[in-house]
Amino acid sequence: MENKVTPSRKIGSPGFFSSLFPREYDFEAMLAEQADQTVAGVAILLDWLRTTPHTGPAELVKIENDVDAMRHDMEEKLINSFSTPFDRQDIYSISRQMDYILNAAKDTAREMYAFDVAADPAILDMATSLLAGASSVAEAIKAMNTDRVRSEEMIRKGRAEYNAMEDRHISAMAGLFRNSDAVQAMKTREIYYHFREAGRALRNTLDILHNAIIDLA
């Protein structure tokens, strides 16, 4: 279902300019929906990690494909829309970076299943922080036009989760280098790498979102 914006037509009201140059679509609602689906996908990953033995991550692959279709639809609307609530490059970049988070989650599960890598405490810790960070993004997006203070608070929380992921990644890699099983260490390193990529996508999402909120002020 398309998220349409109904502009105000009253002369002198805050919506008067938008009545002349109306926004055809509610891009903030689209970003919020994508953020919610990203949270749902990372939650699926965390549940999958906690369930043994691992099976093929079909549910995670499906939600990632669904979000890809959602994002592509939004990009088409972004190209064709005359007016946007904030910089269209920021809208695109927030959506793209959220997509990287979900892509990394999917790749993590697929490779863990293919490489027969079990979820160790570091993997579970990073997945837990990723879920909390993605949830902070979703809350920040929903509040960006109504409660800037809450959006800023959520961005700070999200950045704290990113920092926790980075710290856990470094300590986990240090422990991995002490592993005498070189093959297992190499396989596990690949999984840690995906979490680091997901964390950096989370960081980028938060940075671009913060810039957009500052511009709205």
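Taken together, the values in this text are just the output of simple stated rules run on the coordinates, not laboratory data. Here the structure is a predicted model, which means the values were calculated and not measured. We place every Cβ from the backbone using ideal geometry, glycine too, and count neighbours over all the protein chains shown.
Over all directions, the projected convex hull of the C-alpha atoms in the stretch 48-94 averages 4.4 nm² in area.
The calculated FRET efficiency for the pair Asp36 and Phe115, based on their C-beta separation and a Förster distance of 22 Å, comes to about 0.15.
Cα centroid separation, the stretch 66-109 to the stretch 178-217: 18 Å.
Available extension along the chain between Glu153 and Glu190 is 10.1 nm, counting 0.36 nm per residue and deducting the alpha carbon span. If the Kirkwood radius is taken over C-alpha pairs of the stretch 85-165, then at 20 °C and 1.002 mPa s the Stokes-Einstein diffusion coefficient equals 152 µm²/s.
Compared with the alpha-carbon gap, the fully stretched path from Thr55 to Asp87 is longer by 7.3 nm at 0.36 nm per residue. Under the criterion of Cα pairs below 8 Å and six or more residues apart, the relative contact order for the stretch 26-216 equals 31 percent. For the stretch 121-217, how big is Rg over Rh, using alpha carbon atoms and the Kirkwood form of Rh? With Rh from the inverse mean 1/r over Cα pairs, Rg/Rh is 1.12.
For the chain, the number of Lys pairs separated by eight or more positions or lying on different chains, with C-alpha atoms closer than 28 Å, is 15.
Between 0 and 90 degrees, rounded to the nearest ten: what's the tilt of helix 27-50 against the longest Cα principal axis of the chain? Rounded to the nearest ten degrees, it is 10.
Summing +1 for each Lys or Arg and -1 for each Asp or Glu among the other residues whose beta-carbon sits under 11 angstrom from that of Lys62 gives -3.
Could you sort the peptides 52-59, 68-75 by per-residue average Cβ neighbour count (10 Å cutoff), highest mean leading?
Values: 52-59: 12.8, 68-75: 14.8.
Ranking the peptides 52-59, 68-75 by packing returns 68-75, 52-59.
Shown in residue order for the stretch 100-117 are the 3J(HN,Hα) couplings computed by the Karplus curve 6.51 cos²θ - 1.76 cosθ + 1.60 at θ = phi - 60°: 4, 4, 5, 4, 5, 4, 5, 4, 4, 5, 4, 6, 4, 5, 5, 8, 6, 9 Hz (x for Gly and Pro).
Note the full-extension length gain between Arg178 and Asp215 as 0.36 nm times their separation in residues minus their Cα-Cα distance, in nm to one decimal.
On the way: separation 37, 0.36 × 37 = 13.32 nm, distance 4.73 nm.
Extra length from Arg178 to Asp215 when fully extended: 8.6 nm.
With the highest mean first, a sort of the peptides 106-113, 95-102, 190-197 on other beta-carbon atoms found within 10 angstrom per residue produces 95-102, 106-113, 190-197. Remark on Tyr25: its backbone amide H falls under 5 Å from those of Val5, a criterion applied only to residues 5 or more positions apart or on other chains, H modelled at 1.01 Å from N. Projecting the Cα atoms of Ala138, Ala109, Ile91 onto the charge dipole of the stretch 26-216, computed from C-beta unit charges around the Cα centre, puts Ala109 farthest toward the positive end. About the centre of its Cα atoms, the chain shows a dipole size close to 380 debye [charges on the beta carbon of Lys, Arg (+1) and Asp, Glu (-1) only; nearest 20 debye]. Calculated over the stretch 164-212, the projected area of the Cα convex hull averaged across directions stands at 3.2 nm².
Dividing the summed helix terms, -39500 (n - 2.57) for each DSSP H run of n ≥ 4, by the number of residues in the chain produces a 222 nm estimate of -27000 deg cm²/dmol to the nearest 500. Here the chain yields Rg over Rh of 1.06, to two decimals, using C-alpha coordinates and the Kirkwood radius. If you fit an axis through the alpha-carbon atoms of helix 121-143 and take the longest principal axis of the Cα set of the chain, what angle between them do you get, 0 to 90°, nearest 10? Roughly 0 degrees between the two axes. For the stretch 22-71, the calculated P(r) over all alpha carbon pairs, in 10 Å bins from 0 to the bin holding the longest distance, is 24, 43, 21, 9, 3, 0 percent.
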